[in-house]
Amino acid sequence: MVDDISSDGKGKPALDHLINSEDTALRQRALRVVPSGMWGHLHAAKLPEGYPQFFARGEGAHLWDVDGHRYLDFMCSWGPNLLGHQNQEVEEAAERQRRMGDCLNGPAPVMVELAERLVETLPAAAWAMFQKNGTDATTTCATLARAATGRRKLLVARGAYHGAVPWCSPSLVGVTSEDRAHLVHYRFNDLDSLAQAVAEAGDDLAGIIASAFRHDLAQDQELPSPAFARAVRDACDAKGAALILDEVRAGFRLHAGGSWETLGVRPDLSAWSKAIGNGYPISAVTGAEWLREAASRLFVTGSFWCGAVPMAAALATLGVVLRDDVPGQLARLGQRLRDGLAAGAQRHGIALRQSGPPQMPLVLFDDDIGSRKGDAFCVAMLAHGVYFHPRHNMFLSAAHTEADIDTALAAAEHGFAAVASL
């Protein structure tokens with residue numbers, strides 16, 4: 001196994017490691033049988049040259065591409081790996097359930113156990129129901145808010161990402177105006193904008209959906225202000241509408257009881273996915289008591305939504321989160337990374353912006369036209385065995401250690417040097 005990508009001897013990354021490689025061969029094969037060779041945000045063609053598309057395995061805080069290069073992973077499969085790849089406790093729980101059955105004629109007992117654990121853990125939850133993907137969960141929340149209120153309008157932050165179906169997809173390909181006829185937009189953390197959107201929706205307001213924090217692509221992240229969170233809650237209470245918190249990306253990374261618990265604001269509905277199964281395909285909707293009756297009437301289903309193995313994995317994952325205070329652990333590691341990057345940028349005379357929660361770092365550069373600086377920084381880090389993303393928020397996992405953070409900071413020195421040379 002190759003531990004990291006080589007350089008050209010001058011401190012610059014060697015970007016020809018993919019030529020005639022297994023990754024290149026797989027991309028060419030995929031182009032013949034898969035539209036564009038990949039899909040969505042997972043398409044490595046949208047990343048700087050040198051990034052691999054295909055991976056062979058992951059373990060702990062590391063992953064290996066199909067050509068044998070090892071990387072210290074700061075994307076965590078775009079979020080799902082909260083505890084690290086192949087966490088032993090999670091894998092053992094999943095394997096025990098797999099030996100008994102996964103896709104059966106109905107749910108296994110673990111479904112009830114997982115729902116009980118979520119209700120016990122989340123102060124805002126009186127019940128839970130399960131799906132497969134984050135888009136399933138956010139769409140179920142939107143549908144449920146309308147079913148419970150008999151209204152149509154949903155308030156959505158402009159630029160926010162809540163999934164990849166017509167009502168909320170960032171792409172307009174194949175989307176009709178009717179698909180979004182009842183969306184009203186506001187600006188995250190902007191009280192005047194929120195008030196205007198509430199007024200526009202009038203008596204037809206079914207719900208307001210908000211991300212745990214603003215994490216739009218390639219934009220500075222924003223934590224919600226207490227005033228904004230309270231204004232969303234007050235608007236929903238005044239109108240009898242549902243406050244929907246999209247926890248798909250942030251869930252169980254910021255706070256074990258829900259991302260807005262520290263703000264003293266609790267949602268009516270929450271959409272969960274990514275981290276709750278530590279890489280296994282599962283999502284969940286949790287809700288308040290007043291929405292139980294509507295949820296019991298709602299027809300939402302999928303052939304694999306009762307899969308028992310992902311539920312067993314999720315139950316084990318939540319157990320580790322609560323036992324080990326994973327959000328607190330990630331916050332400490334993330335702050336170590338943030339402080340080290342800030343110090344490194346200062347040493348090199350580079351203007352660096354870091355925003356959002358330290359558990360989910362985003363690194364951007366001032367005056368970065370076309371992401372030249374971000375791309376150069378991340379390609380140099382990749383060449384030294386550390387997988388950063390130049391535009392998307394990243395993720396820490398409980399498998400990361402202080403030594404791993406120090407390794408990343410050592411690689412960042414090469415990244416800063418590459419930026420300084422532009």
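Coordinate-derived values only; no laboratory data. Not measured: the values here are computed from a predicted model. Heads up, the Cβs are rebuilt from the backbone with ideal geometry, glycines too, and the neighbour counts pull from every protein chain shown.
Centre-to-centre, using Cα atoms only, region 231-252 and region 256-311 are separated by 14 Å. The Cβ shell under 12 Å around Ala148 holds other residues with a net charge of +1, Lys and Arg each +1, Asp and Glu each -1.
Relative to the Cα centre, the charge distribution of region 88-324, modelled as +1 at Lys and Arg Cβ and -1 at Asp and Glu Cβ, gives a dipole magnitude of about 260 debye.
Selection among Val309, Phe395, Leu337 by position relative to the dipole of the chain gives Val309 as farthest towards the positive end (Cβ unit charges, Cα centre). Label reach from Trp78 (point 7 Å along Cα→C-beta): in region 180-216, no amide nitrogen lies under 12 Å. Phi angles of region 228-236 translate, via the Karplus equation with coefficients 6.51, -1.76, 1.60 and θ = phi - 60°, into HN-Hα couplings of 5, 4, 5, 5, 5, 4, 5, 5, 5 Hz per residue; Gly and Pro are given as x. Available extension along the chain between Gln196 and Phe299 is 33.8 nm, counting 0.36 nm per residue and deducting the alpha carbon span. Cross-linked pairs Lys274/Lys373; Lys132/Lys274; Lys153/Lys239: Cα-Cα separations exceed 19 Å for Lys274/Lys373. Rounded to the nearest 20, the size of the Cβ-charge dipole of the chain about its Cα centre is 680 debye, with Lys and Arg at +1 and Asp and Glu at -1. Based on Cα atoms of region 293-367, Rg over Rh with Rh as the Kirkwood radius reads 1.26.
Of all the options Gly202, Gly58, Gly334, the one that moves most in a Gaussian network model of the chain with Cα springs shorter than 10 angstrom is Gly202. Coupling constants for region 98-114 follow from the phi torsions by the Karplus curve (6.51 cos²θ - 1.76 cosθ + 1.60, θ = phi - 60°), and in residue order they are 4, 5, 8, x, 10, 8, 10, 6, x, x, 8, x, 4, 4, 5, 4, 5 Hz; glycine and proline get x.
In the calculated pair distance distribution of region 243-291, what percentage of Cα-Cα distances lie above 11 Å? Percentage above 11 Å: 66.
Using the alpha carbons alone, the radius of gyration of region 88-324 stands to its Kirkwood radius in an Rg to Rh ratio of 0.97. As a size descriptor, the averaged projected area of the C-alpha convex hull of the chain was calculated at 21.0 nm². Remark: C-alpha extents of region 133-250 on the principal axes read 35, 35, 22 Å, sorted largest to smallest.
Springs join every pair of Cα atoms under 10 Å in this Gaussian network model of the chain, and among Val119, Val165, Val198 the largest mean-square fluctuation is at Val165. For region 74-191, the extents of the C-alpha atoms along the principal axes are 47, 37, 32 Å, listed from largest to smallest.
Kirkwood analysis of region 303-422, using all unique Cα-Cα pairs, places the hydrodynamic radius at 15.7 Å. Using Cβ point charges alone (K and R +1, D and E -1), the dipole size of region 266-416 about the Cα centre works out to roughly 220 debye. For region 88-324, the residue among Ala212, Ala93, Ala197 whose Cα projects farthest onto the positive side of the dipole built from Cβ charges is Ala197. Applied to region 365-374, the Karplus parametrisation 6.51 cos²θ - 1.76 cosθ + 1.60 on θ = phi - 60° returns per-residue 3J(HN,Hα) values of 10, 5, 6, 9, 5, x, 6, 4, 5, x Hz, with x for Gly and Pro. Simple rule: put +1 on each Lys or Arg Cβ and -1 on each Asp or Glu Cβ in the chain, find the dipole, and look at Leu362, Gly385, Gly240; the Cα lying farthest toward the positive end is Gly240. P(r) tail, region 36-122: Cα-Cα pairs separated by more than 21 Å, 51% of all pairs. Under the criterion of Cα pairs below 8 Å and six or more residues apart, the relative contact order for the chain equals 22 percent.
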